[in-house]
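*Asks:* Quick one: this structure, given as structure tokens, is what I'll be asking you about.
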Amino acid sequence: MTNKEIIRKVNAGFNSGDTEEILKYVADDVTWECPGFFFFKGIEAFRKEIHNEAFSGLPVITVTNELEDGELVAAEGYVKAAKKDGSPFSCRFFDIYRLEGGKIKEMRSYLVDMK
């Protein structure tokens with residue numbers, strides 16, 4: 001399986017709410033950063049963010065572009081979700097992943113709110 005195919009499976013896991021499908025492609029010492037918003041280290045912090053308590057239901061992630069160069073994968077698209085307070089969340093994203101041995105070691109997410 002290519003690294004790009006792994007990232008496709010991870011995003012499908014987010015869309016379906018399948019935490020274990022996501023985490024089988026995540027390294028124990030993963031880092032996930034959204035510059036200006038958060039930085040998480042470790043698989044348990046990653047797991048917690050999958051189930052961010054500010055949101056309800058499942059997100060709808062649509063990837064519009066992907067690039068793969070060795071251990072790096074980039075994915076661009078948009079995500080829609082519902083916040084717990086009932087308000088909608090809609091943003092464009094650009095994610096960069098670095099994988100080692102078929103597992104995400106680093107993830108960096110850039111988000112633009114689409115109000």
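*Asks:* Counting only protein heavy atoms, what percent of the accessible surface of the chain is carbon or sulfur at a 1.4 Å probe?
*Replies:* Percent of accessible area from carbon and sulfur atoms in the chain: 54.
*Asks:* Averaged across orientations, what area in nm² does the convex hull of the alpha carbons in the chain project?
*Replies:* That works out to 6.6 nm².
*Asks:* If you take the charge dipole of the chain about its Cα centre, with +1 on Lys and Arg Cβ and -1 on Asp and Glu Cβ, which of LEU72, ALA27, HIS51 is farthest toward its positive end?
*Replies:* In the chain, that residue is HIS51.
*Asks:* Below 29 Å, Cα to Cα, which lysines can LYS84 reach? Residues fewer than 8 away in the same chain don't count.
*Replies:* Straight-distance partners of LYS84: LYS9, LYS24, LYS41, LYS48, LYS115.
*Asks:* Also, quick follow-up: Using a cut-off of 13 Å between beta-carbons, work out the net charge of the residues near PRO88 (Lys and Arg +1, Asp and Glu -1, PRO88 not included).
*Replies:* Once positives and negatives cancel, what remains is +2.
*Asks:* Now, a different point. Can you give the angle from 0 to 90° between the axis of helix 3-16 and the longest principal axis of the chain, with both taken from C-alpha atoms, to the nearest 10?
*Replies:* Rounded to the nearest ten degrees, it is 30.
*Asks:* How many Å² of accessible area per residue for segment 51-90, probe 1.4 Å?
*Replies:* The answer is 65 Å² per residue.
*Asks:* How large is the translational diffusion coefficient of segment 1-43 in µm² per second when you combine the Kirkwood radius over alpha carbon pairs with Stokes-Einstein at 37 °C and 0.692 mPa s?
*Replies:* 292 µm²/s
*Asks:* Given Cβ point charges of +1 (Lys, Arg) and -1 (Asp, Glu) and nothing else, what value in debye, to the nearest 20, does the dipole of segment 9-115 about its Cα centre take?
*Replies:* Computed charge dipole of segment 9-115: roughly 380 debye.
The values are calculated or read from the model by the stated rules, or taken from the named source; none is laboratory data. Here the structure is a predicted model, which means the values were calculated and not measured. Using ideal geometry, Cβ is built from the backbone for each residue, glycine included, and neighbour counts are taken over all protein chains shown. The area values use the complete protein model at the heavy-atom level, side chains included, leaving out ligands, DNA and RNA. Shrake-Rupley method; radii C 1.70, N 1.55, O 1.52, S 1.80 Å.
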